[in-house]
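Q: Quick one: the structure is below, questions incoming.
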Amino acid sequence: MKLIAITAVFLFLLSKSAFSVVSKATDECLVCHRTVSPGIVADWQKSRHAQTTPIEAPKKAALERCVSAADIPSGLRETAIGCAECHTMNPEKHRDSFDHNGYRVHTIVSPANCAVCHPVEKSQYEQNIMAEAYGNLHDNPLYGDLVRSVNGIQTFEKFATAIRPPDEDTNAESCFFCHGTKVEVTGRVTRQTEFGDMEFPTLSGWPNQGVGRLNPDGTMGSCASCHARHEFSIEMARKPYTCSECHKGPDVPAYKVYEVSKHGNIYSSMDKIWNFDSVPWVAGKDFTAPTCATCHVSLVATEEGEVVAERTHRMNDRLPCRIFGLIYAHPHPKSPNTTIIKNKAGLPLPTELTGEPVSDYVIGEREQTKRREAMQKVCLACHSAQWVTQQFARLEKTIQTTNEMTLTATKILTTAWETGAATGLPQGASIFDEAIEKMWVEHWLFFANSTRFASAMAGADYGVFANGRWYLSKNIQEMADWLKFKLNEMQGDSNK
Amino acid sequence: MKLIAITAVFLFLLSKSAFSVVSKATDECLVCHRTVSPGIVADWQKSRHAQTTPIEAPKKAALERCVSAADIPSGLRETAIGCAECHTMNPEKHRDSFDHNGYRVHTIVSPANCAVCHPVEKSQYEQNIMAEAYGNLHDNPLYGDLVRSVNGIQTFEKFATAIRPPDEDTNAESCFFCHGTKVEVTGRVTRQTEFGDMEFPTLSGWPNQGVGRLNPDGTMGSCASCHARHEFSIEMARKPYTCSECHKGPDVPAYKVYEVSKHGNIYSSMDKIWNFDSVPWVAGKDFTAPTCATCHVSLVATEEGEVVAERTHRMNDRLPCRIFGLIYAHPHPKSPNTTIIKNKAGLPLPTELTGEPVSDYVIGEREQTKRREAMQKVCLACHSAQWVTQQFARLEKTIQTTNEMTLTATKILTTAWETGAATGLPQGASIFDEAIEKMWVEHWLFFANSTRFASAMAGADYGVFANGRWYLSKNIQEMADWLKFKLNEMQGDSNK
Amino acid sequence: MKLIAITAVFLFLLSKSAFSVVSKATDECLVCHRTVSPGIVADWQKSRHAQTTPIEAPKKAALERCVSAADIPSGLRETAIGCAECHTMNPEKHRDSFDHNGYRVHTIVSPANCAVCHPVEKSQYEQNIMAEAYGNLHDNPLYGDLVRSVNGIQTFEKFATAIRPPDEDTNAESCFFCHGTKVEVTGRVTRQTEFGDMEFPTLSGWPNQGVGRLNPDGTMGSCASCHARHEFSIEMARKPYTCSECHKGPDVPAYKVYEVSKHGNIYSSMDKIWNFDSVPWVAGKDFTAPTCATCHVSLVATEEGEVVAERTHRMNDRLPCRIFGLIYAHPHPKSPNTTIIKNKAGLPLPTELTGEPVSDYVIGEREQTKRREAMQKVCLACHSAQWVTQQFARLEKTIQTTNEMTLTATKILTTAWETGAATGLPQGASIFDEAIEKMWVEHWLFFANSTRFASAMAGADYGVFANGRWYLSKNIQEMADWLKFKLNEMQGDSNK
């Protein structure tokens, strides 16, 4: 204990000299936390936050700035952005704030905290459908049932299965890991620490860094989903591994498709000579093929300083259609909050079960064109107009054919419901819990999906044998056979 | 527009100084294209093509040369290989040539263009089965039917499925993305550009960079499949990501198997200290484990300058057997054009349905031995004779056992045909469109395949639980059960 | 031949000057082997073994030492660790020793050889369950049957399948590739070499580098499984690709889960600025996220030199539970030799078929707590106590729910056995060879597994749609349907 105290004093002196721009409050954090959580302190020291001060930002040319605030509060201008700057900001707004060595500290740094220096990014992100990922899943009754059917515990008695709803821990480990949990203060706990007993709040839904996390200060999302603590490296956010945390599985195979694309190949082969730090990001010079961020988020420019694409954290700004997650591909929803959508059949879906988009809730032709053109400007930095036009025409065709193949699968399913081979909408039963229903889910959630991603990003493997058209074609046959075997079994039962 | 003109003049001057070795014609391309397609100009500037001139090539020691032409045409010797050198070469042979600012330009640079400096590589590649990948798929009636059954649109009416043939866009996105499309000039179009209206040819089957692409000048293949435009980096061609664009899916899992092999592990862990640029490529010094290129393509030498393996772009030169894509593994076909093959049953296959190779069309023992020994010389650079011999003996055994397991699956399928549980060869029907037929396809195209790749490249995961023997063993049981359920269903129907 | 002799003399002289610390015996090896196996010589030259001598080890601070021996035999202190040092050590103990140019050389360097300098690592590894991987699979009758059912050759006659036991080559390519083979001297062979005819021993089960390999000197394991010959790079052992060689497939998806975790993302994005060579490995400074080695093996310290985790080669030292490979997750077995385990039903399993652990053979609460705390110390270098506690609570919940879902699958299977729909334990038949049994195996070996790994390592994709809960939920429905279809088919048969 004595050794720790001596070390702490030594480190306090050391930190004062090594980090001259660190605020007094952050200095005090570092004294103990260099011992208590040495990994994140060392990690933070590598960050731009630790190495510069916000007052430097306005000195840069407009395109080179990472700080979008016109005006930084005076107390935050001349010191590094350290522990205290974020974790003690506006404590009254954070229900997770607690007294800690003379400070009101909160565990969960929210988008509202980041917005003090990065307000444009925060307000764009609020319009991003990802910000609403918690509610869009949790509060949509149909999708809520999908969650239950996947995460619930099934049992088997007398030749029949039953399902018990999932617990919150399981949901947090599963769907809501990426979608985000609801983090709430549930109480207080006293813990023994090397500095004596200390009291901390207890949190439910924690840990979580999902993109639509509901924070104790009422904000949605976590900037750390993509800008990993505590280095907050722009390099990392620009690399495809970041997106791959949530966009890799068979339901959203974006990263896998990228990996087998020409773009992904160039990235994997040549990335060590790329420049991932420069702002703006210069096509051809800093990078020779796009990553996820290039096409969907980053400020991209030419060597001559022309803007190819504006930075956006409303990540569907360059996306006319949503090609995954729903039964049919469809124009992007107008509102990031998709729980407001209802189709003619009364279902909370942006298309009918037959595939027609619900036009009131999805963007129109003009907005689609605007978004498509924003994306195509990125393509045109390296490709000819013909190349780009025909690539997008193929994607349109793929959207159409995969929607048709989904319609066929849906017909088999509705036939199963109509004949009683399965129970679903007509019976008021779950549409996700029987074998043929799960085959149907895979049809659109895995196979039609993968095929469209492969088309959009030119990663052909995923359009054919790796969860693509091969499986679409096979699944139709298997669904049709299942229906026949089931009807035969029902016949057998009625013959007894 | 004025700004663009000023910028163009400025860039023209700049380019004259910075690229003294650039030809006048390429200079003129760069003036506009630095603005119009800045990404590829910057990309090209990183290339060896931009930084040296062919006249330097003969000064190098024989093993160090990348240019295989004994004599370069005089106009191409003393300038960089830039836009004009490739895109305006022999315009009369390119049906896609068009008038463009005083030049006859063609979009699609073909192997014939590359062959001016790299003739050996082009003539080897023509003998490579990959050069014929378009026709070998498109013009083989059996495989054409596989394409239709995968890419076609299925419908469902009155408990039965039907199939509509796929459109060309879908085929181009799917099988022919890797195999290559047929690129043809379909007309002309006028586009608005920032330099005024311009006329361009329109192309079908475009974009495409498949290995067997049929080009408008009549040549086959695309060098850019592996040597990505416009950096044409040897580093990239030598890295496994390049091959993985087409050799990753469950049908050709070469890259996946490599990734889990010891070789792949050494590559992934240590590649940052390897030298991917040196020619010849020195075993142990430049790299400490092979990549795809090392074993199949590259000129490999020792530190003392002994040649371990000659460079070859006929990529089956070191491959005695073909272990994927067909129903059974078999000795490599003699001709790269496999559409000429017919087995005893009249099917366009290099083996009978029972597995015996069709000896007239496949290489004999002597050629197999020659190829095996060429490959083994690479292995022997690091491994003992015993290691290598026994490794190859295991592969032989794996070829034999996977062929036996495929024979068993084929027996179940032919039983289904004979009993009427499915319709296939005896009925003159498709052999790829029913559920049991698709199970059979997966048996050889995915599982037997993966098992053999795992054996050939020592990536055991893919020989067991990752699409290997586990699935071979499971699939037999599922095929046998499907047959029983189907026969029972037929019985049920006849009892009605 | 003359050229070779001259080259050899030249190289001999060269090697004498370039490698002044090389022993005379190694010098003699190098003279020929630089020509015969140039790749591994160049590879070895990059190694620490080639560049330093053991006498330097004691001069280092205790935490910085890689050599754990207090005393190195005098003959090995002052020269590099080269060919002869390992391959001629204690020849009498190696049944694979042979006379080779005046030396008794053995092919297979065993843990006993490495232990001369690294005794602590060897003795820890012997207690590691991986050291017994050969016997634990080969000598467990139940798992031996799983091997047979996967690797055996199936046939189909008269609507029934049969199985022929696998050959040794197939087993060596499959399960025992990772588990390790039994390497035995089977005879002698004379080979033509460029230095004339030479006699070598022939070896069965070779090549192999499995973790539980039985060596000709009676030792178990291969240090080269993770420390790849002949660079023996600590960087490589610390990178996740090494573990991925065996821990990637659906049965042990550790690497895949890591890849989609935040930790994996940080590693993939930032590894190029990490320091993989420093000993001890400093959290936050040398690396900013853990790799496999960080959590399971490495000596981890803080910048101030505090030890976060002691180095261990008994890799379950920080693992309270075994979450893969067996039917249910359970506390780790006490003994690395698991063939001694018997449950109440007499089966060689650490749990009953209903999931209860067999308490005599698995570690108790206290040992579990000790191991959990050792692991948590690593987490706490970067994360708060609450974060870590709740992360581990979720894993506990996931273990419980996946075990429950496995119990449900087991109930369906036992119902199939009881009704005669399948034959298994009650009939004294294999429990791995029928379709429903294979579905059951996938339930625990793939899906429950993946879900637990995803929970343990926070790679959520594998807990949901990538072989996780989605498949657990779907598999239950498919097993239940299979049972109904089968019973209906049996009914159909009895109606005939």
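The values are calculated or read from the model by the stated rules, or taken from the named source; none is laboratory data. Quick caveat, the model's predicted, so the values are computed rather than measured. Please note: Cβ atoms are built from the backbone with ideal geometry, for glycine as well, and neighbour counts cover all protein chains shown.
Conditions (1) over 25 Å from A:Asp169 (Cβ atoms); (2) of a type in the set (S, T, N, Q), marked per residue:
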residue	(1), (2)
C:Glu434	yes, no
C:Lys438	yes, no
C:Phe446	no, no
C:Thr451	no, yes
C:Ala456	no, no
C:Ala460	no, no
C:Phe465	no, no
C:Lys474	no, no
C:Trp482	yes, no
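Q: Given the range C:248-336, what helices (runs of 4 or more DSSP H) lie entirely inside it while holding 2 or more residues that are aliphatic (A, V, I, L, M) and modelled with pLDDT of 95 or more?
A: Of the helices (runs of 4 or more DSSP H) lying wholly inside the range C:248-336, those with at least 2 residues that are aliphatic (A, V, I, L, M) and modelled with pLDDT of 95 or more span C:254-260, C:262-270.
Q: When you scan the range A:363-375, do you find a residue that is part of a strand (DSSP E or B) and away from chain B (no Cβ under 14 Å), even just one?
A: No.
Q: Another question about this same structure. Is there any pair with a first residue in the range A:285-302 that is within 23 Å of A:Ala62 (Cβ to Cβ) and a second that is basic (Lys, Arg) whose Cβ atoms are under 7 Å apart and which are 6 or more apart or on different chains, and what are they?
A: Pairs that qualify, where the first residue is within 23 Å of A:Ala62 (Cβ to Cβ) and the partner is basic (Lys, Arg), are A:Ala293/A:Arg238; A:Cys295/A:Arg318; A:His296/A:Arg318; A:Val297/A:Arg311; A:Ser298/A:Arg238; A:Ser298/A:Arg311; A:Leu299/A:Arg311.
Q: Restricting to the range B:198-215, and then to whatever is free of Cβ contacts under 8 Å to residues at least 60 places away in the same chain and in contact with a Gly (Cβ under 9 Å, 6 or more places away or on another chain), can you tell me which residue is farthest from B:Met130 (Cα to Cα)?
A: That would be B:Thr202.
Q: I'm trying to understand the selection: among the residues of the range A:229-257, which are more than 7 Å from every other protein chain (Cβ to nearest Cβ) and closer than 15 Å to C:Glu259 by Cα?
A: A:Pro240, A:Cys243, A:Cys246, A:His247, A:Pro253, A:Ala254, A:Tyr255, A:Lys256
Q: On the given criteria, is A:Asn449 assigned by TED's automatic domain parsing to the domain that holds A:Gln391, part of a helix (DSSP H, G or I) and closer than 25 Å to A:Gln391 by Cβ?
A: Answer is yes for this residue.
Q: Please specify each residue of the range A:193-228 satisfying the condition of being within 12 Å of another protein chain (Cβ to nearest Cβ) and small (Gly, Ala, Ser).
A: If the condition is that a residue be within 12 Å of another protein chain (Cβ to nearest Cβ) and small (Gly, Ala, Ser), then A:Ser204, A:Gly205, A:Gly210, A:Ser222, A:Ala224, A:Ser225, A:Ala228 are the ones that fit.
Q: Could you list, in sequence order, all residues of the range A:376-420 that are within 11 Å of chain B (Cβ to nearest Cβ) and not in a helix (DSSP H, G or I)?
A: A:Ala381, A:Cys382, A:His383, A:Ser384
Q: Related question: Counting only residues that are crowded, with 20+ Cβ neighbours inside 10 Å, over 18 Å from A:Cys243 (Cβ atoms) and facing chain A (nearest Cβ under 7 Å), how many does the range C:258-299 have?
A: Qualifying residue count, the range C:258-299: 4.
Q: Something else now. Could you tell me whether B:Thr312 is within 26 Å of A:Asp461 (Cβ to Cβ), surrounded by 20 or more Cβ atoms within 10 Å (Cβ to Cβ), polar (S, T, N, Q) and touching a Phe, Trp or Tyr at 6+ places or on another chain (Cβ under 8 Å)?
A: No, not satisfied.
Q: What helices (runs of 4 or more DSSP H) lie completely within the range A:37-104 and have 1 or more residues being within 14 Å of chain C (Cβ to nearest Cβ) and closer than 21 Å to A:His313 by Cα?
A: In the range A:37-104, A:48-51 are the helices (runs of 4 or more DSSP H) which contain 1 or more residues that are within 14 Å of chain C (Cβ to nearest Cβ) and closer than 21 Å to A:His313 by Cα.
Q: Taking the range B:105-124 as the search range and keeping residues that are touching a His at 6+ places or on another chain (Cβ under 7 Å) and part of a helix (DSSP H, G or I), which one is nearest to the other protein chains (Cβ to nearest Cβ)?
A: Of everything passing the filter in the range B:105-124, B:Glu121 is nearest to the other protein chains (Cβ to nearest Cβ).
Q: Report yes if C:Thr451 is modelled with pLDDT of 95 or more, more than 7 Å from every other protein chain (Cβ to nearest Cβ) and in contact with a Gly (Cβ under 9 Å, 6 or more places away or on another chain), otherwise no.
A: Judged against the criteria, C:Thr451 is a match.
Q: Please enumerate the residues belonging to the range B:141-188 that are under 22 Å from B:Leu347 (Cβ atoms), over 23 Å from the mean Cα position of the chain (by Cα) and not aliphatic (A, V, I, L, M).
A: B:Gly152, B:Pro165
Q: Follow-up. Do we find that B:Gln427 is surrounded by fewer than 22 Cβ atoms within 10 Å (Cβ to Cβ) and more than 14 Å from chain C (Cβ to nearest Cβ) in this structure?
A: yes
Q: Right, another one. Taking the condition assigned by TED's automatic domain parsing to the domain that holds B:Gly187, under 12 Å from the mean Cα position of the chain (by Cα) and within 29 Å of B:Thr186 (Cα to Cα), does B:Ala224 pass?
A: The answer is yes for B:Ala224.
Q: From C:Glu132, C:Glu173, grab the single residue that is away from every other protein chain (no Cβ under 11 Å) and either in contact with a Pro (Cβ under 6 Å, 6 or more places away or on another chain) or not polar (S, T, N, Q) (or both).
A: C:Glu132
Q: Name the residues in the range B:458-476 that are part of a helix (DSSP H, G or I), surrounded by 24 or more Cβ atoms within 10 Å (Cβ to Cβ) and more than 7 Å from chain C (Cβ to nearest Cβ), would you?
A: Across the range B:458-476, the qualifying residues are B:Tyr462, B:Leu472, B:Asn475.
Q: B:Lys486: among the basic types (Lys, Arg), surrounded by fewer than 24 Cβ atoms within 10 Å (Cβ to Cβ), in contact (Cβ under 8 Å) with a residue 40 or more places away in the chain and part of a helix (DSSP H, G or I), yes or no?
A: yes
Q: Can you confirm whether A:Trp440 is over 14 Å from A:Thr408 (Cβ atoms), aromatic (Phe, Trp, Tyr) and either more than 9 Å from every other protein chain (Cβ to nearest Cβ) or surrounded by 21 or more Cβ atoms within 10 Å (Cβ to Cβ) (or both)?
A: no
Q: Just to verify a result, which residue in the range B:89-120, among those that are in contact with a Ser or Thr (Cβ under 6 Å, 6 or more places away or on another chain) and over 23 Å from B:Cys66 (Cα atoms), is surrounded by the most Cβ atoms within 10 Å (Cβ to Cβ)?
A: Result: B:His106.
Q: Filter the range C:377-388 down to the residues that are of a type outside the set (A, V, I, L, M, F, W, C) and surrounded by 17 or more Cβ atoms within 10 Å (Cβ to Cβ), then identify the one that is nearest to A:Arg191 (Cα to Cα).
A: Among residues in the range C:377-388 that are of a type outside the set (A, V, I, L, M, F, W, C) and surrounded by 17 or more Cβ atoms within 10 Å (Cβ to Cβ), the one nearest to A:Arg191 (Cα to Cα) is C:Gln386.
Q: With respect to A:Phe324, is the statement that it is surrounded by fewer than 22 Cβ atoms within 10 Å (Cβ to Cβ) and more than 9 Å from every other protein chain (Cβ to nearest Cβ) true?
A: yes
Q: Which residue pairs have Cβ atoms closer than 6 Å, lie 6 or more positions apart in sequence or on different chains, and pair a first residue in the range C:139-162 that is touching a residue at least 24 places away in the same chain (Cβ under 8 Å) with a second residue that is charged (D, E, K, R)?
A: C:Ser149/C:Asp433; C:Val150/B:Arg469; C:Asn151/B:Arg469
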